[in-house]
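No value in this document is a laboratory result; all are computed from the given coordinates. The model shown is predicted, which means the values in this text are computed figures rather than measured ones. Glycine gets a Cβ as well: all are built from the backbone with ideal geometry, and neighbour counts include every protein chain shown.
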């Protein structure tokens, strides 16, 4: 068995942090990273020294500003986010609910940007948060345009239900993916939370390939579908800002 490197231990420490774990004590950090407390403590001190981690007043550890800075500056999604933000702001002003941008990462949708409002409907997604592809409107759009081998892998795996409305039947999901490719949008009413509806459309890059999904999360009522034209217009603006030509437009 190959001996684990120091880098491998550092990665395990950093991966403890997520949307539900923003600050944690060293002992708990060691337990979650499956490291000896002394090893975790030594590595944490070194990472704090480099600014990758930082300590709170109560000695809990969280991600440091320096690591956030490096990740933000070098993020591969930065051009997409910069192109999308003006159109997301316009869409948000019209919808007055959650407006978000998701990309495909493995078998999940990764949300890279989100705008919200104080009295918006409940929404479980966060920036840098993830959801399975079959659960959210963004995920279904990305899955619809994903390579066939990824689609088949997802369709053959158990599909977890978040609510009674979540699609867990592979045959139904396959039909929905075909509908998305034909109609260019999807409505997911009550899939993640029964009080909310997610609506998403594809965002295309140069060459016409789908590079992201633009979505809104709105109250689960009869007015939800009214957001589709505004979503399509915003997605077209982002796609053209990304370099999509008029001849490649398939939105």
If contacts are Cα pairs under 8 angstrom and at least 6 residues apart, what is the relative contact order of the range 151-229 in percent? 21 percent
Below 8 Å, C-alpha to C-alpha, sequence gap of six or more: please give me the relative contact order for the chain in percent. 15 percent
Per the helix-only model, the chain has a calculated mean residue ellipticity at 222 nm (DSSP H runs of ≥4, -39500 (n - 2.57) each, divided over all residues, rounded to the nearest 500) of -12500 deg cm²/dmol
Assertion target for 67, 53, 78, ordered by fewest C-beta neighbours within 10 angstrom first, is 78, 67, 53
Share (percent) of C-alpha pair distances in the range 200-246 greater than 12 Å works out to 59 percent
The extension gain from residue 68 to residue 122, computed as 0.36 nm times the residue separation minus the Cα-Cα distance, is 16.8 nm
Cβ density ranking, 10 Å radius, fewest first, applied to 36, 119, 134, 98 yields 119, 36, 98, 134
Taking a ≥ b ≥ c as the square roots of the eigenvalues of the Cα gyration tensor of the range 6-72, is the shape rounded (a/c under 1.5), prolate (a/b larger than b/c) or oblate? rounded
